[in-house]
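Trainee: The structure that follows is given in the form of structure tokens.
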Amino acid sequence: MQSVDWVATSVFVVLFGFITWLGFAAARWRKGDLDQLHEWGLGGRRFGTLVTWFLVGGDLYTAYTFVAVPALAFGAGAVAFFAVPYTIAIYPILFLVFPRIWNVCHKHGYITAGDFVRGRFGNRWLALAITITGIVATMPYIALQLVGIQVVIAGLGISGTGFAADLPLIIAFVILAAFTFSSGLRAPASIAIVKDILIYVTAFAAVILIPIQLGGFGEIFAAVPAAKQILAVPGPHTTGAYGSYATLALGSALALFLYPHSLTGILSASSGHAIRRNAALLPGYSFMLGLLALVGFFAIAAGVGNLPEFAAGFKQFGNNFAVPALFLHSFPPWFVGVAFAAIGIGALVPSAIMSIAAANLYTRNIHREFFAPQMSGRTESQVAKWVSLIVKFGALVFILFVPTQYAIQLQLLGGIWIIQTLPAVLLGAYTRWFNDWALLVGWAVGTFAGTAMAVAAKLTPTYPVAFAGYTFPGYTAFYTLLLNLAVTALLTLVVKALRPRAAVVDATVEADYLA
Amino acid sequence: MTSPEQGTKRRGSLWYLLFVVQVVAVLWPPFYNRVEPSWLGIPFFYWYQLLWVLIGAVLTAIVYFATASRRGGPRS
């Protein structure tokens, strides 16, 4: 690998130092009693439209996204652009469903999906299933953020053997853990503003300067093999790449807001209106993500995959090294420092929110529900702070000792698992028609079938469903959600037929969902 | 529920059709899976979908303002 780039590393370290200070200072921002879980874990639900925009943007468009989507374009071509229809499809969901969820959570003091499901359906085991799914799906997601940091640290030329090799990552993580512990959600909210400015500067520099260097988009796409430029047209008797592309986009969109960190970001908004406005404003990030996906093609055109100085990086990180390699190849060292800091800080923001979200889930829906029903608000906040540390430490250990490939595969499975909570959470926001035990069985069937299909597909995201001589390759999460819904609806009908007069438990009323 | 409220509800639902338009426009690859017409050298596949990000944001803003008065909430 190349030697240490001191200019880039200095810029990187200075920017990291700044956000470290900011993370601790954030405790005093819009000051609240951090011994209350909704203050530590939701920032007191006081973030207006603009801060919510930065926070949710920093939360959903993670560093890993900015590394992995161009990497997919670099390796597989047009299919990587599914991220664009995906991010278009999420905003109608955000606009329609989440103000309702925000209202009911605000009214009843819910801070997690588990809280909501517990109140709505009155079934602690269903709430437990939702909670465990959330925590398990979040863990590999945090681990992947660390991969983003690892890639840029390697890009700076910092390497070593044994403990020394991992030291920069461990330092970054100690910083993250410390400011999350002390400031809660206020830390990532304030850092997100810095991170997003850096990311926007980097993205626009990349999509303007690099094409000029490479002789324009015409030249760039001329260097991209024809098979990678658009999707393969499906043959007879199959929906082929079209079906995969559309179901990947739709399934990912349906799954996104079920992730605990998404809900944490949304619930910290100050009103349902702030959420609706963000549904129109957040596409700003989608546009940038689309532009960044094109950066994968720039990397093909620049030929960074064949340059000897980057061979070691590609060997270690695969196509995920395409973006750092392209930046090193195209930008002056000081700007490489800015760009890499954008990616590194971009990993800290979602990691912090994810660990807070997982901690909220454990504290509310496992610890309080099953072990300490009488605990005070102060104890609750303390438990959450320590759990957020444990969660992050677990992710760090995972990434240091387990091959990266496993984290990627677990994150893939996480998407299949988290979408199984859709009937209880998203549909639950609209209707109490489903039976709680039917929801639990539907969740279990979807989870097991999804896991089995993913394993059968050798841990790739799509599964070819064959039916009546036709093949429909599609996103496994999407198919198993349909299965889950069918099972849940059928069992609900059966239960209602058998026990038509059974009482329905529901702590909420329709008015709670309206502003 | 009284009939005027039902009328408002139905008007709100019609605005939500704009969401269906933007989702269908990008989830049906046969609409856009081609290289030509390219723009500034960017194949149609890419600039069409990026354009829909912007159109989607505008449509969402339209739905926001069209339904905001119905909710009686602040507009700005």
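We did not get these values from a lab; they are worked out from the coordinates using the rules stated. Being a predicted model, the structure only gives us computed values, none of them experimental. No Cβ is skipped: glycine too gets one built from the backbone with ideal geometry, and neighbour counts run over all protein chains shown.
Trainee: Give A:F221, A:F257, A:F310, A:F314 a once-over and let me know the one that is under 22 Å from the mean Cα position of the chain (by Cα) and either more than 10 Å from chain B (Cβ to nearest Cβ) or surrounded by fewer than 24 Cβ atoms within 10 Å (Cβ to Cβ) (or both). Spell out how you get there, then give the answer.
Mentor: Details: A:F221 fails: under 22 Å from the mean Cα position of the chain (by Cα); A:F310 fails: under 22 Å from the mean Cα position of the chain (by Cα); A:F314 fails: under 22 Å from the mean Cα position of the chain (by Cα).
The unique qualifying residue is A:F257.
Trainee: Can A:W102 be described as in contact with a strand residue (DSSP E or B) (Cβ under 8 Å, 6 or more places away or on another chain) and in a helix (DSSP H, G or I)? Spell out how you get there, then give the answer.
Mentor: Working: in contact with a strand residue (DSSP E or B) (Cβ under 8 Å, 6 or more places away or on another chain): yes; in a helix (DSSP H, G or I): yes.
It is true that A:W102 is in contact with a strand residue (DSSP E or B) (Cβ under 8 Å, 6 or more places away or on another chain) and in a helix (DSSP H, G or I).
Trainee: Provide a single number: the residues in the range A:2-40 that are among the hydroxyl-bearing types (S, T, Y) and surrounded by fewer than 13 Cβ atoms within 10 Å (Cβ to Cβ).
Mentor: Qualifying residue count for the region: 1.
Yes or no, residue by residue, for (1) farther than 30 Å from B:N33 by Cα; (2) surrounded by 24 or more Cβ atoms within 10 Å (Cβ to Cβ):
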site: A:T65; (1), (2): no, no
site: A:P70; (1), (2): no, yes
site: A:G77; (1), (2): no, no
site: A:Y91; (1), (2): no, yes
site: A:V97; (1), (2): yes, no
site: A:H106; (1), (2): yes, no
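Trainee: I need a count of the residues in the range A:43-53 that are at negative phi, assigned to a helix (DSSP H, G or I) and buried (at least 22 other Cβ atoms within 10 Å of the Cβ).
Mentor: Here is the first cut: in the range A:43-53, the residues at negative phi are A:46-53.
Narrowing the set further to residues that are assigned to a helix (DSSP H, G or I) leaves A:49-53.
Keeping just the survivors that are buried (at least 22 other Cβ atoms within 10 Å of the Cβ) gives A:51-53.
Looking only at that region, the number is 3.
Trainee: Does the range A:38-51 include one or more residues that are within 14 Å of chain B (Cβ to nearest Cβ), under 21 Å from the mean Cα position of the chain (by Cα) and under 24 Å from A:G290 (Cβ atoms)?
Mentor: Keep residues of the range A:38-51 that are within 14 Å of chain B (Cβ to nearest Cβ), which gives A:48-50.
Add one more test, that the residue is under 21 Å from the mean Cα position of the chain (by Cα), and what stays is A:49-50.
Then drop every residue that is not under 24 Å from A:G290 (Cβ atoms), which leaves A:49-50.
The answer is yes; a qualifying residue exists.
Trainee: Can you run down the residue pairs with Cβ atoms below 6 Å, 6 or more apart or on separate chains, where the first is in the range B:22-49 and free of Cβ contacts under 8 Å to residues at least 24 places away in the same chain and the partner is hydroxyl-bearing (S, T, Y) and part of a helix (DSSP H, G or I)?
Mentor: Correct list of pairs: B:P29/A:Y242; B:P29/A:Y245; B:Y32/B:Y48.
Trainee: Pick out, from the range A:402-515, the helices (runs of 4 or more DSSP H) lying fully within it that include 3 or more residues that are surrounded by fewer than 19 Cβ atoms within 10 Å (Cβ to Cβ) and not charged (D, E, K, R). Talk me through it step by step, then tell me what you get.
Mentor: Numbers: elements: A:404-418, A:422-425, A:436-456, A:476-498.
Answer list for the range A:402-515: A:404-418, A:436-456, A:476-498.
Trainee: Related question: Any chance the range A:136-148 includes a residue that's under 17 Å from A:Y61 (Cβ atoms) and among the small types (G, A, S)?
Mentor: Taking every residue of the range A:136-148 in turn, at least one turns out to be under 17 Å from A:Y61 (Cβ atoms) and among the small types (G, A, S).
Trainee: Got a sec? Which of A:K195, A:K228 is in a helix (DSSP H, G or I), touching a Gly at 6+ places or on another chain (Cβ under 6 Å) and away from every other protein chain (no Cβ under 11 Å)? Walk me through it before giving the result.
Mentor: Working: A:K228 fails: away from every other protein chain (no Cβ under 11 Å).
Result of the check over A:K195, A:K228: A:K195.
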